[in-house]
Amino acid sequence: MGKYLLVFCEIGDRGAVAPASLEVLGLARELSGPMKLEVAAAAPREISGEVAECGPSCIYIAPSSAPTGYFPEWYASFLGEAARLTEPEAVLFAHTPLGQDLAPRLAQKLGTGLVTDAAGIRAEGKKLLVTKAVYGGVALATYSLNSTPQIITLRSRLGKIPPKEPGRSTETVEVKLPEGGGKPHWELVNRIEEKSAEIKLEEAQVVVSGGRGLGGPEGFELLRELAGLIGAAVGASRPPCDSGWIPSSQQVGITGKVISPQVYIAVAISGASQHLSGMGDAKKIVAINKDPDANIFKTADYGAVGDCRQILPAMIETLEKIKSEL
Amino acid sequence: MSETIRILVCIKQVPDPEAPASSFRIHSETKTITAEGVPPVINPYDESALELAVRLKEANPDVRLSAVAFGAKLARAVLMKSLAVGADELYLIEDPSVEADGMITAHILAAAARKIGFDLILAGRQAADTNAGGVGLALAGLLDIPAVSWARKIELEEKLLRVERVVPEGCEILAGTLPALVTVSHEAGALRMPNIINVRKAKTKPTHSWTLADLEIGKLPGRSVELTRLEAPKRERHCQVIEGESPAETGAGLSRKLVQDGVLNLRS
Ligand SMILES: Cc1cc2nc3c(=O)[nH]c(=O)nc-3n(C[C@H](O)[C@H](O)[C@H](O)COP(=O)(O)OP(=O)(O)OC[C@H]3O[C@@H](n4cnc5c(N)ncnc54)[C@H](O)[C@@H]3O)c2cc1C
């Protein structure tokens, strides 16, 4: 019988622990009580101090700093070793690009099963029941895993970031990589930044998204004007990203960002299930669409039917007026 | 004389994910989903993988391109599209007796890949039905070959591979050697349309039908992923529709309402 829930913590954009990993750590703490388990963390050396302050019982650290470039074999080898040492009931990852790359590799290495992209999770004894969107968001499936460790990647915001306890002493174990685990296969030739000037979707409280019905990049200019006025990030459904009207980093949906802002304004978006499963948890949803039967209205709290090319300028004008009178 | 480079593309048959949500019926009692009038298609991510493979074949005459599909029941006519866009042969592995999960599928594909032979394997980053994304990378692990995920472009020069891999804020260009497996992301683009002549030609290309008995699989792992519940997401909300004499009035009304209800806060 395993004693641990093992959480993989990755390095985020700013060199610190990725917030998504901290959320998983917080979630693991919540689950560990009823499961009668302890939380173990596995982390690259450079973030181990910070991870230790977030409450795991013990932390397994890599023998060296995380390699630069694309080196999943190194991570998989490190995690395989950490799993061998901890014999966990489950290994939890954030559903980040790295998590999605590593979880299947680890599952295969350990000969166990995996469920990715969990939108909900609860424990039943030592088993985890994992709910996720399937068929492009048309259905919600709940899975359990019959083999251990149960390997799961989790969407953001399922757990709360645990409070830091500076100076907390945590048992630290240094993991040795097995033979061959340190050789990269892929040489990083170049990294091309396609940075967008947009506000980060994941961090925004208000998001204004445009769909195919915006008609072109100029449509997004209007959206940006509205967004600027209300402090919103600009997102999109998939077609505008595919057509290059806006960078793909702004795509919302099952293959884009999964977000749950306070307010989501969907402009000229029909409301396909693949899109809805990326933003359906927003607190308030506002839909603007010329088709009164558009699916998006079924999920919206506020709706306006009409041509967005006329509705948006009027919205902007009114908001400017209200703002000037404040 | 240059050697043949064998490219294998894994294609999964799924119900058309672009079909309207209303055509999917969820049966919670039996934990099944039926898709009325929804035709099966090749998983769109696998189609992107196929597109990259066809481009490699165009750029490199020494490529021999095979498509391989595994499923309980396969629609030959749908999967023949792979031949019509440029694959040289198609392998259909059908076995209604296995209820496969991702890991079982990976084991079956690994056995097939060993039997067919390969230098490069391509697969979509995930399937549009289960949305799991485990098979490609697990397959690479089973074959003990290096894998890179989420490619949008692939180039091949002799046995050297150059992959453009999608990352959140751009892309990474990676170089490596064959054999290897690459999972392909939708940024690679959609699969070309087959032209009529090639659709006809497809019928003359070899299609191999296998069952598990044709593969040297040994013992398959047990099924580890168990479906315990299937339900429709609850997304219905009550929508307050803002009325107006004209679209402009509607827009103005919407702004006023959102500020009034505290949905939008203009003070911050
Ligand atoms: C495997 C897979 C993954 C996918 N992943 C995603 C994903 O992550 N995110 C995503 O968004 N999609 C995704 N899709 C695509 C998805 O199925 C839909 O095709 C897409 O969301 C539709 O985008 P849309 O609503 O902008 O376009 P459409 O469905 O074409 O809708 C356009 C809407 O604009 C309205 N409109 C047009 N002109 C105007 C106007 N002048 N004023 C007001 N309204 C107007 C129309 O009434 C219509 O409702 C995925 C699809 C597949 C198969």
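Per-peptide packing, taken as the mean over residues of other Cβ atoms within 10 Å, places B:209-218, B:140-149 in the sequence B:140-149, B:209-218 from highest down.
Over 20 Å apart at the Cα level, from the set B:115/B:219; B:81/B:205; A:132/B:153, are A:132/B:153. Only bridges with both residues in chain A count here: give the DSSP antiparallel percent, nearest 5. Taking every DSSP beta bridge within chain A, about 20 percent pair in antiparallel fashion. For chain A, the Kirkwood radius over C-alpha pairs fed into Stokes-Einstein at 10 °C and 1.306 mPa s yields D = 74 µm² per second.
Interface burial in the range A:50-70 reaches 10 Å² or more for A:70, comparing the full protein assembly with the chain by itself; accessible area from heavy atoms with a 1.4 Å probe. The Rg/Rh ratio of the range A:213-293, with both radii computed over alpha carbons and Rh defined as the Kirkwood radius, is 0.92.
Accessible surface of the range B:162-233, 1.4 Å probe: 56 percent of it comes from carbon and sulfur atoms.
Within the range B:5-215, antiparallel bridges make up roughly 45 percent of the DSSP beta bridges whose residues both belong there.
Computed over Cα pairs, the Kirkwood radius of the range A:104-203 leads via Stokes-Einstein (1.002 mPa s, 20 °C) to a diffusion coefficient of 119 µm² per second. Calculated accessible area for the range A:94-233 comes out at 46 Å² per residue, all protein chains present (probe 1.4 Å; ligands, DNA, RNA ignored). Just so you know, the Cα atoms of the range B:5-215 work out to an Rg and Dmax of 16.6, 54 Å. Rg then Dmax, both in Å and based on the Cα atoms of the range B:1-71: 17.3, 61. Buried accessible surface for the A/B pair, both sides summed and rounded to the nearest 100, is 7000 Å² with a 1.4 Å probe. Across the range A:61-154 the C-alpha pair distances fall into 10 Å bins from zero in the proportions 16, 47, 29, 9, 0 percent. Taking only the Cα atoms of the range A:1-149, the ratio Rg/Rh comes out at 0.94, with Rh defined as the Kirkwood radius. Taking 0.692 mPa s as the viscosity and 37 °C as the temperature, the Stokes-Einstein diffusion coefficient of the protein assembly as shown based on its alpha-carbon Kirkwood radius rounds to 130 µm²/s.
Relative to its residue count, the range B:118-268 spans a Cα convex hull of 304 Å³ per residue. Restricting attention to the protein assembly as shown, close to 35% of DSSP beta bridges with both partner residues there are antiparallel.
For chain B, adding -39500 (n - 2.57) for each run of n ≥ 4 DSSP H residues and dividing by the number of residues yields -7500 deg cm²/dmol at 222 nm. Radius of gyration (Cα atoms) of the range A:247-319, expressed as a multiple of 2.2 N^0.38 Å: 1.09.
Relative contact order of chain B, taken over Cα pairs closer than 8 Å and 6 or more residues apart, is 23 percent.
Counting only protein heavy atoms and a probe of 1.4 Å, the accessible surface of the range B:41-142 is 52% carbon and sulfur. Placing unit charges on the Cβ atoms of the charged side chains and taking the dipole of the protein assembly as shown about its Cα centre, the candidate lying farthest along the positive direction among A:261, A:313, B:98 is B:98.
The values are calculated or read from the model by the stated rules, or taken from the named source; none is laboratory data. The structure displayed is predicted, hence computed values, not measured ones. Glycine also receives a Cβ, built like all others from the backbone with ideal geometry; neighbour counts cover every protein chain displayed. Accessible surface areas use protein heavy atoms only, side chains included; no ligands, DNA or RNA. Shrake-Rupley method; radii C 1.70, N 1.55, O 1.52, S 1.80 Å.
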